[in-house]
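Worksheet for the structure shown next.
Just so it is clear, none of the values below were taken in a lab; they were calculated from the coordinates. Just so you know, these numbers come straight off a predicted model, no measurement behind them. Cβ sites come from the backbone with ideal geometry, for glycine too, and all protein chains shown count toward neighbours.
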Amino acid sequence: MFYPVKTPKLVSRLMPQYLWRINSPEPVIYLTFDDGPIPGVTPWVLDTLAQFKAKATFFCVGDNVRKHPDIYARLLAEGHRAGNHTFNHLNGLKTPPDQYLENVRTCAEYVHSSLFRPPYGRLRRGLRRALATDYQLVLWDVLSGDFDRQRSPEKCLSGVLKYTTPGSIVVFHDSLKAEPNLRYTLPRALEVFSQKGWRFEALPL
């Protein structure tokens, strides 16, 4: 599976509707987590973030919020932010537009946010235009690759450490699939950047 760890500048320039990074002269990182909340995984992420006084943004699947409202309530209570990630983790290139938009609306009944990230980072142009009227569309600057079971934990970590710069939006996944790589990569990345004096903040609304 090939994918760029660092989003090429040309790609971000071709799709300016998306927020790819937040330009900052200060050493701040915007950690994001997709696909939760998931028992066992998301609470561990919250515990780990708390150890480093880090805040993050969780792009939640609405059906997971429906099933695990206590975890969702906890992440909000601890000062993190949430974003809409559709109700059923739909692929924006394979789902009819009307069905996709209805799924986003269903998610919005559980996740009250002005932030939206499309699962797989994929949206038809028409959907981008439609959703941009109500949401800040968010993609990423650095992709950890934690979801890739063919990618070693060490390689996930090295990519995050190599390509993260001030203002980077970095993607992790609080999912069962990503858990082995996530448990290795996240605390080590937090430790390295913390020792350098970097901050971890939630995305601005």
Anyone know which of Gly159, Gly121, Gly167 comes out most mobile in the 10 Å Cα GNM of the chain?
Gly121
Springs between alpha-carbon pairs under 10 angstrom, Gaussian network model over the chain: which of Gln99, Gln195, Gln51 fluctuates most?
Gln195
With a point put 7 Å past each Cα toward its Cβ, work out how far Arg128 is from Gln99 in nm, to one decimal.
2.3
Applying 1/(1 + (r/R0)^6) with R0 = 30 Å to the Cβ-Cβ distance of Gln195 and Phe2, what FRET efficiency is obtained, to the nearest 0.05?
0.40
Peptides 18-26, 41-49 ordered by average Cβ neighbours within 10 Å, highest first:
41-49, 18-26
For Gly36, what residues show an amide H to amide H distance below 5 Å, using hydrogens built from the backbone and excluding near sequence neighbours?
Val61, Asp174
Normalised by the residues of the chain, what does the relative contact order come to in percent, with Cα pairs under 8 Å and at least six apart?
33
Any chance you could run the full-extension gain for Leu10 through Asp63? It's 0.36 nm times the residue separation minus the Cα-Cα distance, nm to one decimal.
15.6 nm
Trypsin sites (Lys or Arg not before Pro) in region 43-74 lying in a DSSP loop, each with at most 11 other Cβ atoms within 10 Å of its Cβ, come to Lys53
Environment charge of Phe58, counting only residues whose C-beta is closer than 12 Å and scoring Lys/Arg +1, Asp/Glu -1
0
Checked against a 29 Å limit on the C-alpha separation, the offending pairs among Lys94/Lys162; Lys9/Lys155; Lys55/Lys155 are Lys94/Lys162
Answer with one residue from Phe52, Tyr72, Val142: the one whose Cα lies farthest towards the positive end of the charge dipole of region 9-200, charges on Cβ with Lys, Arg +1 and Asp, Glu -1.
Val142
According to a simple spin-label model (label point 7 Å from Cα along Cα-to-Cβ), what is the distance in nm between His112 and Gln150?
4.4
Based on Cβ point charges of +1 for Lys and Arg and -1 for Asp and Glu, what charge dipole magnitude is obtained for region 1-139 about its Cα centre, in debye rounded to the nearest 20?
640
